[in-house]
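What follows draws every value from the coordinates through simple rules; no lab data is involved. Owing to the predicted nature of the structure, the values given are computational and were not obtained by experimental measurement. Every residue, glycine as well, gets a Cβ built from its backbone with ideal geometry; the counts of neighbours run over all protein chains shown.
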Amino acid sequence: MALERTLSIVKPDAVAKNVVGEIYSRFEKNGLKVVAAKMKQLSKQEAEGFYAVHRERPFFNALVNFMISGPVMVQVLEGDNAVLKNRELMGATNPKEAAAGTIRADFADSIDANAVHGSDSLENAAIEIAYFFPATDVYAGR
Ligand code: RTP
Ligand code: MG
């Protein structure tokens with residue numbers, strides 16, 4: 001299996017609910033190691049840049065406004081097949097469709113406030129990690 005890194009964000013709703021530790025536990029119990037992390041209040045510009053692929057989508061403004069509604073926790077997760085594994089732990093985008101036991105099923109309230117972000121491909125993971133962390137701020141997990 002391939003050792004990968006992926007970019008994860010605990011979104012403002014989950015930070016406000018005080019479940020950062022609960023979500024980190026899911027990562028740790030499933031072989032994903034936090035190798036970089038910071039709490040951050042995103043600016044509008046940072047949130048727009050991060051979700052630039054969705055700029056033309058009808059939900060873009062709501063998404064950006066939600067992402068800047070409070071601080072987020074941004075982390076790099078490292079582990080075997082980290083990109084897919086994190087997406088599996090997160091569950092479906094809409095928490096109503098998320099499998100039982102996933103982060104979104106357990107902590108998210110709606111498709112708009114859905115607790116976590118995770119990179120959707122290895123290529124995007126590299127881009128997203130570089131968006132938030134200089135290479136010197138990401139530590140080797142093993
Ligand atoms: P994320 O990027 O945040 O990890 O979420 P995702 O891959 O599961 O979903 P994506 O398609 O990338 O959409 C990004 C975020 O936009 C909101 N969204 N709303 N109303 C809608 O149909 C809709 N579709 C997407 C969600 O909050 C989603 O997390
Ligand atoms: Mg996405």
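Of note:
- DSSP-loop trypsin sites (Lys or Arg not before Pro) across region 14-59, with at most 16 other Cβ within 10 angstrom: Lys17, Arg55
- Furthest towards positive pole of dipole, Leu84, Ala125, Ser25, structure part the chain, Cβ charges: Ser25
- With N the number of residues in the chain, Rg(Cα) / (2.2 N^0.38 Å) evaluates to 0.97.
- Anisotropy class of region 20-79 from Cα gyration tensor, a/c 1.5 cut: prolate
- Eligible lysines near Lys44 by straight Cα distance, threshold 27 Å, same-chain separation 8 or greater: Lys11, Lys17
- Highest-fluctuation residue, Phe59, Phe107, Phe132 considered, GNM on the chain with Cα pairs under 10 Å: Phe59
- Residue with peak Gaussian network fluctuation, the chain [Cα springs, cutoff 10 Å], from Asn86, Asn94, Asn18: Asn18
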